Amino acid sequence: MKKDRVSILEDIGRIITESSRPHRTLEKIVELVAGKFNTDVCSVYLLDTDKQSLVLQATVGLRKESIGRVRMSIHEGLTGLVLEEMQPVFVVNPATHPRYNFFEKSGEEIYSTYLGVPLVHLQNPLGVLVVQTVNEDAVTESDIALFSTIASQISATVAYTGLLDDLKKERQDRRDIEKKLLEEVEIHAEKTAKKGKKGLIRGMPVSPGFAEGQAHYLGESIGFDQIEYEETEDVSSEISRLEAAFRRSQEEIIALTKHVKDMSGQDEAILDAQVMALQDRSFKKKIIAHIKEEGSCAEYALKKAVLKYVEFFSGMEDPYLRERSSDIEDIGKRVLRKLLGYEGSKSRQFASKTVVIASDISPIDLIGLRQDNLKGVVLSRGGKTSHTVILAKSFEIPMVIGVRDMLDTVKENDFLIVDGTSGLVFSKPPQVIIDEYARLKAEKANKFQRLDVLRDLVAKTKDGYEIRLGANIGLLSDLELVKKYGAEHIGLYRTEFPFLVRKEFPSENEQFLLYKKVVEGAEGRSVTIRTLDVGGDKFLSYLDYPKEQNPYLGWRSIRVSLELDDIFRTQIRAILKASAFGHIKILFPMITSVGEVRSITSLLDEEKNLLEKRGAPFDTTINIGIMVEVPGAVKILDRLLHYVDFVSIGTNDLIQYTLAVDRNNQKVASLYDPLHPAVISTILDVVSICKKNNKEVSICGEAASNPRCAYLFTAFETDKLSMNPASVPVIKDLIRKVRLTYTKKALNRVLLMEDSREITSYLDKILLCKGS
């Protein structure tokens, strides 16, 4: 059977976003899967509310009257075995299997193969996807990976359906409330469908939590790549909207010309040319023609007309005419912003609760936007471990990335709910959804209150092994989160953010005062200060960077510092001087050779001698460490350890370089996997080498806050974990519930497993039992 993985996932995604009835979605998906792969049976069994029984909820191939009637214990039959093992079960001639359970009148006695795959969402088992065929060779073990991927898509749908069901159970009689809820959802879906909109949009969750507020587009980030076809039922209305957008764009340019007094003649000519283009009747007529002929919305018609002009001018031989293509695109984007309701503003202050929508934003943009009324961020691009995402977690701002349908669905000032935990974005949600998220917020507050009792307790396993949990921070304000969540130390202070917000390199005294505030604000906690780590996705506006095809493999991090000797020395002196006011360690990023470490230690000794001659106090025995982020450093780690006191494993980059996956590229985002066997083995090697050489080792980055990874890192007997502050109580709670001896047994099994899917399923099963 020929399988087109991309096609099937796109089809399932379309069903999920377009279906107005959550329960009907499952029926459509099983129909699609059965038809696509010529399977004789495709069924979905879901856990009932008692969590002890599975019920047939959707099927193609079995008798329809079996839906809701076929029910089994989670410890019964092959389908129950799938949940017991928390991994796929494939059987040929299932009737001969000891766990086979025949249900009379279901019609399944004729099938020769059985494949069951668990449905899991956020570590919670939801049910089982089952495929059955008459021919023995119609489905084979090689198909397990594909159906596991399909199961993950179905899990998101089941979770969403369950989210609605939870609300129903808490109110009145189950059946009456279910009917009422589905009616409200259907009414909402019908209303939004008439407007050509979807009420529910999906993306990738990257910063957890729930947010609500008015939609606000960052106008400068809006592009035509975000515009998709949308049909209109009112052509005259779309033409009127277009006319108004042209008029407001023209007025905006004229006002800008009058407002800015010191423009050059060339600047004025550019703006005049834009006004002339907006007054060009033929340009506007082409857009209107698209609206009339294709019945499309004004945004899509504008996109088609502009891109045609851009293509035409880009093909010109004359350089001047070629450059006009960018002018046309700029004009088009200005009109597009008006169509979307974005009028532009110099102020970044939000008067009410706001959800920012953008194509992508840099770490410095997020710092600039940070304020009480910034409640959430939705991006059409972005990477799940980018520094913007890391900052969002630090700021406790829910964020969803990879959202493709925002411009077609959401207008400026629309009310949104953003779920940074599941990746759901609701536009103008019905009251039932609003009420449900109010309940979830209350639940989250109760959970925090429960975990808050752990604030002053240590992260110690039941059999006595202690791991020190630290927080990663980037700004002074993050110190409040360190205290709030009970971190024992600051495992990583990222010094690049103060550099990013300035227009020039901060002076030695500016840096000293900042580091002094950090160490004093830590209130006795040790602070590990990482030297400047720029490049990759963090660029200083005032630094002249070379043009690089892959910045992550180029001039970045310690390479920049060692080349910019004066800047590096200034930072070292500032850190040393601050060490007189508290317990500071210095950490050097992206080390790849012994030569780099020798250069660093030589430079450090010179700056120490200079401060001694000046009579400036500092910690003469200050500890220095290196970040292990490059696989090459692992191979020479025993030699690197001769020169340093400790090691911090930077999991974000180490995973990226080990698996050759750009962590900000959504095309390969699914390949970025902290539970890949190669990643687990590499981190274990680093910890083992450090312990053999009596060097302290910390595991830092997003993997440290992942409960599955943290469970394994406990088995490694690592000294420290460092993560975003909000994750500290969750990981502390996990460690306090497990036994080191049990984690080591689990690790031994994991090290024999072949892929991350198998590892993930196994660890989920353990964590569901609280790891004990």
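A compact table of results
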{"item": "Restricting the range 725-754 to residues that are part of a loop (DSSP other than H, G, I, E, B) and out of contact with any Asp or Glu (no Cβ under 8 Å at 6 or more places or on another chain), the residue that is nearest to Gly650 (Cα to Cα)", "result": "Leu751"}
{"item": "Every pair of residues 6+ apart whose Cβ atoms lie under 7 Å, when the first sits in the range 450-472 and is under 16 Å from Asp733 (Cβ atoms) while the second is open to solvent by 70 Å² or more (accessible area, probe 1.4 Å) and in a loop (DSSP other than H, G, I, E, B)", "result": "Thr461/Arg739; Lys462/Arg739"}
{"item": "Selection count where residues are at pLDDT below 80 and over 14 Å from the mean Cα position of the chain (by Cα), scope the range 394-432", "result": "7"}
{"item": "Selected residue (criterion: modelled with the lowest pLDDT) from residues of the range 249-267 that are open to solvent by 80 Å² or more (accessible area, probe 1.4 Å) and in a helix (DSSP H, G or I)", "result": "Gln266"}
{"item": "Residue list for the range 659-692, restricted to those being within 22 Å of Ser761 (Cβ to Cβ), open to solvent by less than 30 Å² (accessible area, probe 1.4 Å) and either among the polar types (S, T, N, Q) or without any contact (Cβ under 8 Å) to a residue 60 or more places away in the chain (or both)", "result": "Val661, Val679, Thr682, Ile683"}
{"item": "Test: residue in the range 158-176 that is buried (at least 20 other Cβ atoms within 10 Å of the Cβ) and at pLDDT 55 or above", "result": "yes"}
{"item": "Val82 being touching a strand residue (DSSP E or B) at 6+ places or on another chain (Cβ under 8 Å) and part of a helix (DSSP H, G or I)", "result": "yes"}
{"item": "Residue check, Leu369 open to solvent by less than 50 Å² (accessible area, probe 1.4 Å) and at pLDDT below 85", "result": "yes"}
{"item": "Residue within the range 755-764 that is of a type outside the set (Asp, Glu), part of a loop (DSSP other than H, G, I, E, B) and either within 27 Å of Ile473 (Cα to Cα) or open to solvent by 30 Å² or more (accessible area, probe 1.4 Å) (or both) present", "result": "no"}
{"item": "Any pair with Cβ under 6 angstrom, 6 or more apart, that starts in the range 85-97 at a residue that is in contact (Cβ under 8 Å) with a residue 40 or more places away in the chain and ends at one that is open to solvent by 50 Å² or more (accessible area, probe 1.4 Å)", "result": "Met86/Lys765; Phe90/Glu141; Val92/Glu136"}
{"item": "Selection from the range 455-488 of residues that are among the aliphatic types (A, V, I, L, M) and buried (at least 21 other Cβ atoms within 10 Å of the Cβ)", "result": "Ala459, Ile467, Leu469, Ala471, Ile473, Leu479, Val482, Ala487"}
{"item": "Pairs, first over 25 Å from Val389 (Cα atoms) in the range 336-363, second open to solvent by 70 Å² or more (accessible area, probe 1.4 Å) and at pLDDT 80 or above, C-beta under 6 Å, six or more apart", "result": "Lys338/Arg248"}
{"item": "Considering residues of the range 714-733 that are open to solvent by 20 Å² or more (accessible area, probe 1.4 Å) and at pLDDT 95 or above only, the residue farthest from Val482 (Cα to Cα)", "result": "Glu717"}
{"item": "Residue within the range 318-336 that is basic (Lys, Arg) and either under 36 Å from the mean Cα position of the chain (by Cα) or modelled with pLDDT of 80 or more (or both) present", "result": "yes"}
{"item": "Qualifying positions in the range 407-423 - open to solvent by 10 Å² or more (accessible area, probe 1.4 Å) and under 26 Å from Lys667 (Cβ atoms)", "result": "Asp408, Thr421, Ser422"}
{"item": "Pairs where the first residue, in the range 704-719, is outside any helix (DSSP H, G or I) and the second is open to solvent by less than 10 Å² (accessible area, probe 1.4 Å) and at pLDDT 95 or above, C-beta under 6 Å, 6+ apart", "result": "Thr718/Val687; Thr718/Val697; Thr718/Ile699; Asp719/Val697"}
{"item": "Sole residue being open to solvent by 50 Å² or more (accessible area, probe 1.4 Å), modelled with pLDDT of 85 or more and at negative phi, chosen from Val92, Val128", "result": "Val92"}
{"item": "So Leu768, is it without any contact (Cβ under 8 Å) to a residue 40 or more places away in the chain, out of contact with any Gly (no Cβ under 8 Å at 6 or more places or on another chain) and open to solvent by 30 Å² or more (accessible area, probe 1.4 Å)", "result": "no"}
{"item": "One residue from Ala34, Ala58 being of a type in the set (Gly, Ala, Ser), in a helix (DSSP H, G or I) and at pLDDT 80 or above", "result": "Ala34"}
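The values are calculated or read from the model by the stated rules, or taken from the named source; none is laboratory data. Please read these numbers as outputs of a predicted model, since none were measured by experiment. Cβ coordinates were reconstructed from backbone atoms using ideal geometry, including for glycine residues, and neighbour counts include every protein chain displayed. Areas reflect the complete protein model, heavy atoms only, side chains present, ligands, DNA and RNA absent. Shrake-Rupley method; radii C 1.70, N 1.55, O 1.52, S 1.80 Å.
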